[in-house]
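Here is the structure we will look at, set down as structure tokens.
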Amino acid sequence: MSAMGLRYGIPPDVEADIWARDVCCVYCGKAMDPKSSNRADHPSIEHLMPTAQHVYVKTAAYFAIACFGCNSSRRDKPLARWLRVKGFADTAAPVVKYYAKRPEASLEIDPAALAQDRRNAKAKELQPAVG
């Protein structure tokens, strides 16, 4: 487990589940090495659902561990299309194949909506608890 999940608000138990499930890149199958001099080989947390929609979803089913190379290649592209373009549709990990069949895996992301969702999420984090 790492502090990576804390940046995304992923609860430690959920992050532990993700790391236990994903021992290699969920896309290309590469063994990842956080100490490698090649950043593409470093592990990274991948948001399977479009980032604008994941703000309040905190289950392992919506996150995966991918090598930095695959994660940065996908960025905010719709998962189903990106898998086909990269040739990973048949070889991706089961969690990815399952998610790729869901309707939201084909959604395009509106950059303005994404920026607004991030601002809203940050504002919500900064609000004092009521009660």
- Using a cut-off of 14 Å between beta-carbons, work out the net charge of the residues near residue 21 (Lys and Arg +1, Asp and Glu -1, residue 21 not included). -4
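Counting other beta carbons within 10 Å of each Cβ, put 37, 44, 72 in order, fewest first.
37, 72, 44
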- Using θ = phi - 60° and the Karplus form 6.51 cos²θ - 1.76 cosθ + 1.60, what ³J(HN,Hα) does each residue of the stretch 59-72 get, whole Hz, x for Gly and Pro? 10, 4, 5, 9, 10, 8, 9, 10, 5, 4, x, 5, 4, 6
- Exposure proxy order (Cβ contacts within 10 Å, fewest to most) of 42, 47: 42, 47
- Note on the structure: Ranked from fewest to most other Cβ atoms within 10 Å of their own Cβ, 65, 45 fall in the order 45, 65
- Task: Note the full-extension length gain between residue 39 and residue 85 as 0.36 nm times their separation in residues minus their Cα-Cα distance, in nm to one decimal.
- Result: 14.3 nm
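Any read-out appearing in this document is the output of simple, stated calculations on the displayed coordinates, not a laboratory observation. No experiment lies behind these values; they were computed from the predicted model shown. Note: ideal-geometry Cβ built from the backbone for every residue, glycine included; neighbour counts use all protein chains shown.
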